[in-house]
Amino acid sequence: MSWLTRVRNAIPFIAKRETPDNLWHKCKSCGQMIFMKEFEDNLSVCPKCDHHERIGPNARFNQILDEGSWRTLAIPRVADDPLKFRDSKRYVDRIKAARATTGETDALMNASGTIQGHRAVVGVQDFAFMGGSMGLGVGAAFLEGVRTAIAERAPYIIFTAAGGARMQEGILSLMQMPKTTVAIAELHDAGLPYIVVMTDPTTGGVTASYAMLGDVQLAEPNALIGFAGQRVIESTIREKLPEGFQRAEYLLDHGMLDMVTHRKALPETLGTLIGYLCEARVNA
Amino acid sequence: MTSFLDFEKPIAELEARIADLRETAETGIDIDADVARLQVKSDKLLRETYARLTPWQKTQVARHPERPHFKHYVAGLFDTFMPLAGDRAFADDQAIMGGLARLKGRRVMVIGHEKGDDTTSRLKHNFGMGKPEGYRKAIRLMQLADRFGIPVVTLVDTSGAFPGVQAEERGQAEAIARSTQQCLELGVPMIAAVVGEGGSGGAVALAAANRVLMFEHAVYAVISPEGCASILWRTADKAADAAEAMRITATDLQRLGVCDRIVPEPMGGAHRDPAAAIVSLGDALNAELDGLAGLSADELRRQRRQKYLSIGGI
């Protein structure tokens, strides 16, 4: 708050500004000012430069799942702060702050509903919740999403977004890599597809586990996807990274993805894909 | 001559005095009593120091340049060893080695990280930092073992998977994810032993086993203490604090259900007596292989899945 605002607000007879702060959106990529309503109607994609802005679970569920078809799933309870971790702040305080800003319990939320008429359970990782980082909460939610999918005979679709493992949970966060891999095995045992949509950014232990194990791998345009962080790589090789390095299109070129799909085309693409993979088997 | 770590300075000083005395002795003065007295003192100090190593000190022991590596274990642990190579797609990664071996007569497929122990060999083995072709070789060897009913033993010792442009290009993340998946799918017993550093995804890719063993002074963590410190404390100088906070020692990991057995090291760490460390590891591996022998493929998979589903449960 600037000193001017502080002074203004303290004076009772000056009317407070009526316009909300978020009437306009400034594109993080091209800097263009966009009317918020227009930006949201455009699925939080910049109409000028096509930059796909990061979005949270609720916006994603609304965009992907058929209107009125879905409900969010309860997140299983896990131990908060199993290691009593403290750096410059206590981990419990960091979680509290993240819960307050996002209104979510942890960095992964699930919803069950239909996509273009096809049953699906959808998990969405929220980068706004401690960088989407994977800890006990994310692992438990992932398993819950998979098991709901099995119960409902539906595919599990995960939208990944994470800096990696949650360091404040130490080895327990690393153990979510095998845990989520076991969950995927359960889904496959049940004969159901596992579809990954990588969004910006997906890196570290998340990429090196469930984000790379999809039956079909999709990504949003220009999403940053990698194992090691770019600064770490630069300091290892001591040279500048190539243009477009670790972007979705680069991964497509190198055979790591099936397709890069515009946000507008996602519901239809996912619907078509489920249609192919989940049709009752003729010669089973 | 052992190279001493910073926190071993008092021991190093005592050892230096003993060495000095021994040199003087050659000139004919009898110093046996003095040497014996100092030796007792030095041994006591070593025992006490190693009985209460901090997590950061353990990290240094785990990374000690003279600590035995994959090739030493392979030479000392097995009756025979036949190295196997290549991922059949791109290259043979020297950071992750493997092959068929016999442990007290029993067939095993052994796979592990090799860090190298001098400049030339460290470069050759890329300091034990695996590339995608290394993890894909591991997958290939695990599949081979599975096909012929051979138990898999892995020796984990890496600061992490290699962060480089080509490694990313060839799918480092995918290779690690598939290797972890392959561990979990095996229908044969799998035992992982963290013999030095267990660094992040590069370690877990070879360690999603039925039984996870850790050497007494080995460490296993989601990120290096330096890496954690530079992200959360914004300075790598806080590595000791990060090591403490992350819980990376064998005893911590046993309490958290990640480590199933702690393998004792000779006094003062594996590097002070590699032969004894190798015997200790051999005994532990044998006991674990005995424990898993006779279990069906389904039961082995079920137990392995259950282990990772239940870690961190309330």
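The values are calculated or read from the model by the stated rules, or taken from the named source; none is laboratory data. What you see is a predicted model; the values in this text were computed from it and never measured. Neighbour counts run over all protein chains shown; Cβ positions are idealised from the backbone, glycine included.
Couple of notes before you dig in:
- Residues of the range A:8-25 include at least one that is among the acidic types (Asp, Glu), assigned to a loop (DSSP other than H, G, I, E, B) and modelled with pLDDT under 95.
- Taking the range B:260-271 as the range and being in contact (Cβ under 8 Å) with a residue 60 or more places away in the chain and either within 15 Å of the chain's Cα centre (by Cα) or within 14 Å of chain A (Cβ to nearest Cβ) (or both) as the test, the residues that pass are B:263, B:269, B:270, B:271.
- Residue check for residue B:130: under 16 Å from the mean Cα position of the chain (by Cα) and assigned to a helix (DSSP H, G or I): no
- Residues in the range B:279-314 that are within 14 Å of chain A (Cβ to nearest Cβ) and of a type in the set (Val, Ile, Thr) were compared, and the one that is farthest from residue B:211 (Cα to Cα) is B:314.
- Top-ranked residue of the range A:142-181 - restricted to ones that are assigned to a helix (DSSP H, G or I), buried (at least 24 other Cβ atoms within 10 Å of the Cβ) and of a type in the set (A, V, I, L, M), ranked as farthest from the other protein chains (Cβ to nearest Cβ): A:149
- Test result for residue B:274, free of Cβ contacts under 8 Å to residues at least 40 places away in the same chain and under 16 Å from the mean Cα position of the chain (by Cα): no
One line per residue, one yes/no per condition, for (1) within 9 Å of another protein chain (Cβ to nearest Cβ); (2) outside any loop (DSSP other than H, G, I, E, B); (3) in contact with a Lys or Arg (Cβ under 8 Å, 6 or more places away or on another chain):
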| position | (1), (2), (3) |
| --- | --- |
| B:201 | yes, yes, no |
| B:209 | no, no, yes |
| B:213 | no, yes, yes |
| B:226 | no, yes, no |
| B:241 | yes, yes, no |
| B:244 | no, yes, no |
| B:252 | yes, yes, no |
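- Members of the range B:234-248 found to be within 20 Å of residue A:135 (Cβ to Cβ) and buried (at least 20 other Cβ atoms within 10 Å of the Cβ), listed by number: B:242, B:243, B:245, B:246, B:247, B:248
- Selection from the range A:75-92 of residues that are without any contact (Cβ under 8 Å) to a residue 40 or more places away in the chain and more than 13 Å from chain B (Cβ to nearest Cβ): A:92
- For the range A:217-265, the set of residues classified as touching a strand residue (DSSP E or B) at 6+ places or on another chain (Cβ under 6 Å) and farther than 30 Å from residue A:66 by Cα consists of A:246 only.
- Residue in the range A:204-216 that is of a type in the set (S, T, N, Q) and surrounded by 23 or more Cβ atoms within 10 Å (Cβ to Cβ) present: yes
- Against the conditions (1) within 27 Å of residue A:154 (Cβ to Cβ); (2) within 13 Å of another protein chain (Cβ to nearest Cβ); (3) charged (D, E, K, R), residue A:247 satisfies every one except (1).
- Pairing residues of the range A:12-39 that are within 22 Å of residue A:50 (Cβ to Cβ) with residues that are at pLDDT below 95 and among the polar types (S, T, N, Q), at Cβ distances under 7 Å and at least 6 apart in sequence or on separate chains, gives A:36/A:22.
- Failed item in (1) surrounded by fewer than 24 Cβ atoms within 10 Å (Cβ to Cβ); (2) in contact with a Leu (Cβ under 7 Å, 6 or more places away or on another chain); (3) of a type outside the set (A, V, I, L, M); (4) more than 9 Å from chain A (Cβ to nearest Cβ), with residue B:179 passing the rest: (1)
- Pairs linking a residue in the range B:53-68 that is in contact (Cβ under 8 Å) with a residue 60 or more places away in the chain to a residue that is of a type in the set (S, T, N, Q), with Cβ atoms under 7 Å and 6 or more positions apart or on different chains, are B:55/B:249; B:58/B:249; B:65/B:3; B:66/B:2; B:66/B:3.
- Lone qualifier among B:252, B:273, B:290, B:283 - being farther than 30 Å from residue A:228 by Cβ, crowded, with 16+ Cβ neighbours inside 10 Å and in the same structural domain as residue B:142 (by TED's automatic domain parsing): B:273
- Residues in the range A:225-273 that are buried (at least 19 other Cβ atoms within 10 Å of the Cβ) and in contact with a Lys or Arg (Cβ under 8 Å, 6 or more places away or on another chain): A:225 alone.
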